[in-house]
Amino acid sequence: MGMKLLIASVAMAALALGACSDSNGKNAREQVEDAVGGAGAHAAAESMRVALEAHDLKAGQTLRDVDVLRENADDVPGDPKVSGITDSNRDGKDDDGKVELTVGDQSACLVVNDQNDVSVDDDTCASVS
């Protein structure tokens, strides 16, 4: 409920300040839409992170298994665009452990390392090393 109230408050402020613009020419509404989209992408990635960390792995599975990533990506609320789950060598594991979630024009990158540690970065996966 708190996140919805925050987003609603920010959106109301954007409507009131629609004519104001920043140095890039974006009006307040566009600035707020960017912020809300960023919060949405981050929230989606965090939702997937929590789900992965709670996932009951079967013997031999890891959080980088393509089927584990896809199952959890399908359950992310808000229907973000999910990309980056790839298995080019067909070993059943994601190639780089990076999954990008996009809401509007904002993205967040969920990263699963070889030790099953999961993190979220507020950027596209292309810019996460």
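The values are calculated or read from the model by the stated rules, or taken from the named source; none is laboratory data. As the structure is a prediction and not an experimental result, all values here were calculated from the model. Cβ placement follows ideal geometry from the backbone for every residue including glycine, while neighbour counts extend to all protein chains displayed.
Checking D122 against (1) more than 9 Å from the chain's Cα centre (by Cα); (2) at pLDDT below 95, which single condition isn't satisfied?
(1)
Spot the failing condition for G40; the list is (1) modelled with pLDDT under 95; (2) in a loop (DSSP other than H, G, I, E, B), and only one is missed.
Looking at each condition in turn, G40 falls short on (2).
Scan L63, L69 and give me the residue that is hydrophobic (A, V, I, L, M, F, W, C) and under 15 Å from the mean Cα position of the chain (by Cα).
Checking each option against the conditions leaves just L69.
Pull up region 92-129, narrow it to residues that are without any contact (Cβ under 8 Å) to a residue 60 or more places away in the chain and among the hydrophobic types (A, V, I, L, M, F, W, C), then point me to the one that is nearest to A44 (Cα to Cα).
The residue in question is V99.
With a cut-off of at least 3 residues that are surrounded by 15 or more Cβ atoms within 10 Å (Cβ to Cβ), name the strands (runs of 3 or more DSSP E) lying wholly within region 50-129.
Fully inside region 50-129 and qualifying: 98-103, 106-112, 118-121.
Quick test for you: out of E71, E46, E33, pick the one residue that is more than 20 Å from V128 (Cα to Cα) and at pLDDT 55 or above.
E71
Just give me the residues in region 58-91 being in contact with a strand residue (DSSP E or B) (Cβ under 8 Å, 6 or more places away or on another chain) and within 16 Å of Q115 (Cα to Cα), in sequence order.
T62, L63, R64, D65, V66, L69
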